[in-house]
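K.L.:
Okay, here's the structure, questions in a sec.
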């Protein structure tokens with residue numbers, strides 16, 4: 001993966017939204033530090049004030065914010081507060097990295113199509129939760145992750161990049177989850193962001209475009 005370049009040379013401004021450990025956040029930070037991604041994370045925000053990923057950001061000198069849903073009357077009010085805080089950063093892209101809440105349609109519409117998510121399955125297979133368990137139970141031979149543009153439909157936005165590994169005979173949901181994270185997601189997400197920041201993948205009124213051509217199926221890489 002070559003360094004991403006914007007037409008004006010300015011690093012893309014990213015706001016990363018997390019709920020937990022922040023392993024994908026750390027992978028994006030490494031890609032920026034290594035010069036593989038022409039971006040700057042201006043804020044890491046979480047619905048969980050104890051999320052370990054916030055400490056990763058603090059140690060790297062990145063600004064953090066936590067917004068507790070319990071302090072709001074309903075999801076709409078929480079989403080409005082989250083949107084206001086994010087908008088203050090003037091982000092080019094909002095990167096969901098293990099964010100475990102569903103965003104309301106008003107939030108999505110405010111920032112569309114600049115919200116990106118990584119989902120731990122080969123969409124459209126296994127939308128929602130418990131994807132690793134479901135992949136094993138379904139007898140899938142390969143499993144992985146998908147990066148997509150967020151829409152109001154849960155895990156239903158257009159997918160532009162995927163990565164996969166073979167499911168081993170002795171895999172459990174936990175071992176498969178760990179391998180998908182370490183072998184696929186941590187490489188896939190920076191690569192997908194590179195696609196967007198460099199302009200190789202764009203959203204048009206007719207759908208996704210890759211290198212000037214309609215993207216009829218996700219870019220796919222095997223990581224084994």
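The values are calculated or read from the model by the stated rules, or taken from the named source; none is laboratory data. If you're wondering where the values come from, they're calculated on a predicted model, not measured in any experiment. When we count neighbours, we look across all protein chains shown, and the Cβ atoms used for this are built from the backbone with ideal geometry, even at glycine.
K.L.:
Does the stretch 123-135 contain any residue that is over 25 Å from residue 102 (Cα atoms) and exposed (fewer than 15 other Cβ atoms within 10 Å of the Cβ)?
P.N.:
For the stretch 123-135, residues over 25 Å from residue 102 (Cα atoms) and exposed (fewer than 15 other Cβ atoms within 10 Å of the Cβ): absent.
K.L.:
Let me ask something else about it. Consider the stretch 104-113. How many of its residues are in contact with a strand residue (DSSP E or B) (Cβ under 7 Å, 6 or more places away or on another chain) and part of a loop (DSSP other than H, G, I, E, B)?
P.N.:
1
K.L.:
Then there is this: Give the stretch 106-134 a look and list any residue that's under 16 Å from residue 90 (Cα atoms) and in contact (Cβ under 8 Å) with a residue 60 or more places away in the chain, or say none.
P.N.:
Across the stretch 106-134, the qualifying residues are 113, 116.
K.L.:
Test residue 116 against the stated conditions and say whether it is touching a strand residue (DSSP E or B) at 6+ places or on another chain (Cβ under 8 Å) and closer than 22 Å to residue 54 by Cα.
P.N.:
Yes, satisfied.
K.L.:
Still on this model: Just to be sure, is residue 151 farther than 19 Å from residue 27 by Cα, loosely packed, with under 15 Cβ neighbours inside 10 Å and at pLDDT 95 or above?
P.N.:
no
K.L.:
Another question, if that's okay. For the subset of the stretch 158-174 comprising residues that are in contact with a helix residue (DSSP H, G or I) (Cβ under 9 Å, 6 or more places away or on another chain) and closer than 24 Å to residue 191 by Cα, which member is surrounded by the most Cβ atoms within 10 Å (Cβ to Cβ)?
P.N.:
The selected residue is 163.
K.L.:
Just to be sure I understand, how many residues within the stretch 83-104 are surrounded by fewer than 18 Cβ atoms within 10 Å (Cβ to Cβ) and over 14 Å from the mean Cα position of the chain (by Cα)?
P.N.:
6
K.L.:
Okay, next question. Within the stretch 83-103, can you find the residues that are in contact with a helix residue (DSSP H, G or I) (Cβ under 6 Å, 6 or more places away or on another chain) and outside any loop (DSSP other than H, G, I, E, B)?
P.N.:
The answer is 83, 94.
K.L.:
Another question about this same structure. Identify all residues within the stretch 126-138 that are over 15 Å from residue 166 (Cβ atoms) and in a loop (DSSP other than H, G, I, E, B); write none if there are none.
P.N.:
Answer for the stretch 126-138, where residues must be over 15 Å from residue 166 (Cβ atoms) and in a loop (DSSP other than H, G, I, E, B): 126, 127, 128, 129, 130.
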